[in-house]
Amino acid sequence: MLRIMLQKMWHKRWMNLSLLLGCILLVATVVSFPLYQKSAYDRLLNDEFKNHLATDGTWPTMTSFSITCNKERGGSTIKKLEEYMSKVPSDLGLTPKQTVYSYNLTKAVAHSEMNRSDVAELNIVLGGMSDIENHVKMLSGEIFSETGIDSEGRIEVIVSQDCLVDKKFLVGETIAFDHMKDAKGKALRFVVKGVFEPADNGDFYWQPDNKLLSTGCLMPFETFKEMFTGENAIKYSISANYSSMYEYDDITSEKVETIINNAEHLKTKSKFKSVVKIHEFKEILENYILKKNRISATLVILQIPVLVMLAAFLFMISGQMYEMEKNEISVIKSRGSSGGQIFRLYLYQGLVLTITGSLIGVPLGTLFSRILGSTRNFLEFDTSRSLNVVFTDEATMYLLIAMGVTLMSITLPAIKHSRVTIVNLKQQKALKKKALWEKLFIDIVLLGVSFYGYYSFNKNSADLSGAVLTGESLDPLLYISSSVFIVGAGLFFLRIQPYIIRLIYFITKRRTSPAGFISFQENMKNTKKQHLIMLFLIMTISLGMFHATVARTILQNAVDNTAYKDGADVIIQENWPQKVDENNRPTGEYKEPDFSKYATMDFAAKYTKVLFDDKAFVKQGTTGRIAITLMGIHTKEFGQITNVDRSIIEKHYYTYLNELAENRNGILVSRSFANIHNYKVGDSITYSNERGESLTGTIVDFFDYFPGYAPKASGINPDGTTYSDDQFLIVGHYDVMKNNWGVRPYEIWVKLNENADNKDIFNWIESHNLSLKKYTNRNNDIDETMEDPLLQGTNGVLTMGFAVTIILCGVGYLIFWVMSIRERELIFGVLRACGFHKREIFHLLINEQIFSGLFSVAAGIGIGKLTSFMFVPILQTSYASKDQMLPMKLITEASDMYKLYGIIGAVMALCLVVLVVLLFRMNVTKALKLGEE
Amino acid sequence: MSEPVIKTVNIKRAYDVPGGKFYALKGINAVIPQGTFAILKGRSGSGKTTLMNIIGGLDNPTEGEVYFNGRNMSSLSERDRENLRRREMGFVFQTVSLIPSLNAFQNVEFSIRMAGGKINKESSQRVEECLKLVGLGSRMNHMPQEMSGGEQQRVAIARSLAHRPKMLFADEPTAELDSAMAAKVTELFKSMTRKEGITVLMTTHDVGLMGAADMIIELENGERINAGEEKES
C-alpha cells in the first residue's frame, strides 16, 4: 500500500509538490500569527514599562506594602507580616530582582547630649533597611559596625546629607530619646556615625520608602529587628514597608493575566489587603491588556481572509488531484478495492504531506513572524527591529489546527470519491448542472449583505469614530463586509463572464479562426470547472489590492495627521524668566531670552517667531466668551516654513497668507467662526490674549485647515459618551500683536535642512543650555506614530497576507494552466492528427487563458479598486487616532500594484514557457495512444 | 480501377531500443486506388497503426516513400503535410475524439472550418447531410456527453467526411462498439466510397468485418503477408 502511495505521489509529483507548498504555507502562516502576536505583545508590554519608567521615573513593576503597627502588637504583627510578604512574589508568580524591607519607629522626641543652643528639640525617625550596606556611599564618618551598638551601648546610625542638614546633626554627636527607654529603663541613645548618599543615583532601592532617605536615622537592619520586634523587644509602634521589585523584562505577555488576578486577590481577599500597594503596576498591566485586546481583535480579523484563502487553495489543489485521479479511483474500485483501502491510500498521502509540510512550515513560520515584526511600512522591512520569537503553547495549538485542516483537505474528498465506481463516473460526467451557488443566487445574496454592511457603517460612521475613542477594537462585521463583497462580486463576475465571452464571440464571429472558435465554445459552455481557479484569482488580486490600500492608507493618514498636527518640523519654546521688581517680586512681565542664538541653528533652513496663545478668547455679548487659540505670525517666513496640502483647503495656502499680508489689521479665522457664529469676510472681531489685552482685526478669510490647527476636539465625557467640539483659531500679524502687547513669550518654528539630524538639534539645545517649555519634533512624532503597535501589526499582517496571496495566486494559476493542458492532451492529439498546427493549439490555449485568466485578473483589479474605494474609508475611521484632524485620503502606492502586476505577469510568462515546452514535447501519435489504454 | 490515391514504396520504420534498432515496419509496399474500401488487418503489434500513421503523414518512415495523390509526402514540409491532412484527409480514431465543448453539429462543422471552408448555408446543409448519413439527423444539437459511445463514433465519422476529403483513415473505429454497431459503421464506410468516391483505409483486427473490404492489406511482424493481391497500376 505504501509503495502504491509513493508511486502514485511520484507519478503526480508536481501536484504533490503544490500540495506540499500549500501545506507549508498554511502551517507557516498559521504558526507565524501567534508567534508574531506573542512577541509583539511582549514588546508592547515592555514599551509600557519603559514608558512608565521614562515619564514617571519610578520602577514600574513593584509591589509594596506599608503598615504601621501599634505599640502592643508591633513585634508579633511584624513577624507574621514578614513571613507573609516573603511569599507575595511567588503568589504573583514572579521572582523579585530586589526586595527591600524597611522598618522605623514612629517619630520620637529626642535631645542632643551636646546641649546645643541652636537645636532644642529633635523629632527622630529611627529605622533600619535591609541590605542598606550595599546601597550607600559614605561621605563623612563611617558606617555602623556589624552589631550597631558601640561600647557605650549607644546605637550607631548613619544619616543622609538631607537629614544631617535638616536636623543640624554633627557626625559623632550623641542623641538621647526623651521617652524611649531600653530594657533596663535607661534612655535610649544613639550616635551619628556617618553621613551617606545613595551609592548609585539610579538605584531603585530608595524608591519604596524614600522618606527614610531624607529623614531616617538608620541603624543595622538585624539589630533593629532584634531590639524592637524580637522576643524581649522594647515595645514601640513601628512602621513597616515591604517592597519587591521585579525585572520587567521577565514579565512576558502571557503572565499578565495571572499577575493581575493574583494582584486582585491580594487586594481584595488577603488579610492584609488594606496595606497592599500595587496600584501603578496593575494599572500598567491593565492598560496594556486594553491595548492588546484592541490589537489582537484587529489582527485576528485581518488574518481571516488569508487563512481562508490558504484553506481554499489546498482544497482546490486536492480537488484537482482527485479530478485527475478520478478514473484511477473508479478503476481500482471496480476491480474490487474497498472504499476503506482507497481512503487509507489518501490518508497516508495526506499524512506524509502534512508532516513534511509542518517540518518545513514551522521554521518558516518562525521566520515569517520575524519578518512580520520587522515590517516598518507596507512591504518594507527594517531588520534591525526584529522580534525575539519564542514558540508558545498557543502556537502549538494553531499548528495542530493547521495540520488538521491540511489533512482534511487531502483526505476528506477521498470519502466521496471512494464511493464512485466507473459506472457512476460515466453517469456523473454526463450530467451537466449549473453550479449550486448560481442556482441559489449566492452572489446576489453576498452582495446584498455587503451592501447592507456598507450602508449601515457609512450611516453610523460617527458611532464608529466614537467607538475608536473609547478604545474599542475593529468591528469584525466591518472587515467581513469587505471580504463578503469581494467574494460576492467575484461570483457575480463568474455569472456574467459567459455572456461577455458570448458578446465578444458575436462581434468577432465572422473572423474567428478554427482555434478561436473552439476556445470561444469551450469558455462559453465549460466554465464551471474553471470557476474555482477564476474565483481564486479574482479574490487574490482584489484582496491583495484591498490590503495594500488599507495598509498604505491607514499608515499614511496617521503619518500625515501627525505631520499636520505638529505644524512645523521643529517647534521650540524656551522658558522665559519673569522680570522682578525692586523687592524681588515677579512682575508678570517676561524677559526675552537672547534671540540671536537661533541664528546658530545649523540644522535649520529657516525659522520664525510665532506667538501662540491657546488661552485666548473672544468676548461674546456682555458675559460670554469663546475660547480660541491665537497665533501671531510673520506671513512670509511662516509660509516658507509651513504648508498645508492643497487638496484639503479651498485656495492655495499662500493665497490665505497673502490675503493676510495685504492687511495689517487683517486676521485669518477658522471656518468655525463662520459656521457657528455667522461671521463674514470683512467683519471685525475683537480678540483678547491670555492676559485679557485685546485687539480688533478684520476677517480677511476663513480657512478649514491651518498648520497645527485641529478643527474639532473630541474626547470622552465622564459619563462615557463621546463629544466632538468645534475649535476656533485666529491668525494675525505677529508685529501688530507685539506693538500692542509688548514682547510675549513666542515659539520658534523651524524648517529643517534636508540632512538635519536629531542629534544636531539635541547638541545645539545642550550647548546653549536651553530650558524648554515646548519642544516638538515632527520626525520624532512621525516615527512614534509609525511605531504604534496597532499600525505595525496591521502592516505586518497585511504585508504577509499580500505576500502569501501572491504566492498562492501564482502557484494556483500555474497548476491550473498545466492541468488544463494535460487534461486535454488527447483532444489536442486528435486536433493535431486532423491537421491542426501547433501554432493553432497555442492560439487556442492563449485564448482560453485570456478568457479565464486575464478576465479574472481584470475583474480582480476592478473589484479590488471598488472594494478599496468603498470600504477603506470606513476601515480607516476605526484606525484613526482620537486626534485625527485631516480628512481621510485613499492612498494607493503604484509600486504595490506594479509588484502585483509584475508577479502576475511573471506567472503568465512562466505559463507560456510551460505551454511551449509541453506543446513541443507533445507527440501526436503518443497523445493518441493515451486514449487507447 | 482509377489512379492510386496512396502508393507506398518499401516503407521501413525503426525505433531505437537498447542494443540496436527495432523495425516496426520492414518494407511495406502497397497501392490503394481511389474509391477503394481498404482494410488494414493484423494483430496488435503487427505495425498496422504505425503504417497508417505514416501513410496519414502523422509519422515519418525511416526509409521508403509514401505518395499521396502522386505527391511524395516526405518532400512536403510539416506545415504542408498538416494542411494536406486538414483539407484532403479525414480521421476516425479508436477512442472518442469529439471536442467536448462542441455539440454534434459543431463538431462536424469544425472539419469544414479546419479545411478552410466558408461557414454558410451550404456548409450547414453539408453538416446535416453527413449527420443524416450516419443516422444522427435528429441529434444534431446534442453534446458529446449526452451520446453513447457508438453515437459519438458516428459523429466522428460524419466529421471526418464533412469537408469532402479524398482519403479517410479509420484506426480501429469499431473497437469499442458492439458487433451490430461495428457492422453498421463498417457498412457506412463502404457506402462512403460508393457515394462520395472517397478512399477509405481502416485498420481492424476483427475478422468478421473483412467481408466488406475491396482490398485487404495484412501485416504480421511489420511485414505484409498478402502482397501482390491487389493489382499494381
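The values are calculated or read from the model by the stated rules, or taken from the named source; none is laboratory data. The structure displayed is predicted, hence computed values, not measured ones. We place every Cβ from the backbone using ideal geometry, glycine too, and count neighbours over all the protein chains shown.
Residues in segment B:117-138 that are within 12 Å of chain A (Cβ to nearest Cβ) and either farther than 24 Å from B:ASP80 by Cβ or not basic (Lys, Arg) (or both): B:GLY117, B:ILE119, B:ASN120.
I'd like to verify a number: residues in segment A:794-830 that are within 14 Å of chain B (Cβ to nearest Cβ) and either in contact with an Asp or Glu (Cβ under 6 Å, 6 or more places away or on another chain) or in contact (Cβ under 8 Å) with a residue 12 or more places away in the chain (or both), how many? Going through segment A:794-830 one residue at a time, the tally reaches 7. From the list A:ARG646, A:ARG625, the one residue that fits, being surrounded by fewer than 17 Cβ atoms within 10 Å (Cβ to Cβ), under 35 Å from the mean Cα position of the chain (by Cα) and either modelled with pLDDT of 90 or more or not acidic (Asp, Glu) (or both), is A:ARG646.
Screening B:THR8 against (1) modelled with pLDDT of 90 or more; (2) surrounded by fewer than 18 Cβ atoms within 10 Å (Cβ to Cβ); (3) more than 12 Å from B:GLY222 (Cα to Cα) leaves a single unmet condition, (2). Return the residue satisfying two criteria in turn: it lies in segment A:835-891 and is within 14 Å of chain B (Cβ to nearest Cβ) and free of Cβ contacts under 8 Å to residues at least 12 places away in the same chain, and of such residues it is nearest to A:SER482 (Cα to Cα). Taking the candidates together, the pick is A:ARG839.
Cβ-Cβ contacts under 6 Å between residues 6 or more apart (or on different chains), taken from a first residue in segment B:67-93 that is facing chain A (nearest Cβ under 7 Å) to a second residue that is of a type in the set (Ser, Thr, Tyr), are listed as B:PHE91/B:SER160.
Apart from one condition, B:PRO18 fits all of (1) surrounded by fewer than 23 Cβ atoms within 10 Å (Cβ to Cβ); (2) within 14 Å of chain A (Cβ to nearest Cβ); the exception is (2). Within segment B:94-116, residues that are facing chain A (nearest Cβ under 8 Å) have Cβ atoms under 8 Å from residues that are hydroxyl-bearing (Ser, Thr, Tyr) and assigned to a helix (DSSP H, G or I) in these pairs: B:SER111/B:SER160, counting only partners at least 6 apart in sequence or on another chain. Screening segment A:419-533 for helices (runs of 4 or more DSSP H) wholly inside it with 2 or more residues that are within 14 Å of chain B (Cβ to nearest Cβ) and modelled with pLDDT under 65 returns the ranges A:422-430.
Reported count of residues in segment A:852-870, each being surrounded by 24 or more Cβ atoms within 10 Å (Cβ to Cβ) and at pLDDT below 85, is 1.
Can you name every residue in segment A:56-112 that is of a type in the set (Lys, Arg), without any contact (Cβ under 8 Å) to a residue 40 or more places away in the chain and over 24 Å from A:ILE158 (Cα atoms)? If the condition is that a residue be of a type in the set (Lys, Arg), without any contact (Cβ under 8 Å) to a residue 40 or more places away in the chain and over 24 Å from A:ILE158 (Cα atoms), then A:ARG73, A:LYS80, A:LYS87 are the ones that fit. The condition of being over 26 Å from A:VAL731 (Cβ atoms) and in a loop (DSSP other than H, G, I, E, B) holds for A:GLU582. If you filter segment A:695-726 down to residues that are of a type in the set (S, T, N, Q) and at pLDDT 90 or above, you find that the one that is surrounded by the fewest Cβ atoms within 10 Å (Cβ to Cβ) is A:THR696. When segment A:566-615 is limited to residues that are surrounded by fewer than 21 Cβ atoms within 10 Å (Cβ to Cβ) and of a type in the set (Gly, Ala, Ser), the one that is farthest from the chain's Cα centre (by Cα) turns out to be A:GLY588.
Among the residues of segment B:32-69, those identified as assigned to a loop (DSSP other than H, G, I, E, B) and surrounded by 21 or more Cβ atoms within 10 Å (Cβ to Cβ) are B:THR36, B:GLY42, B:SER46, B:GLY47, B:GLY56, B:GLY57, B:LEU58, B:PRO61. All of (1) under 30 Å from B:LEU76 (Cβ atoms); (2) part of a helix (DSSP H, G or I) hold for A:ILE861 with one exception: (1). Looking across segment A:748-762, just one residue is part of a strand (DSSP E or B), over 30 Å from the mean Cα position of the chain (by Cα) and not aliphatic (A, V, I, L, M), and that is A:TRP749.
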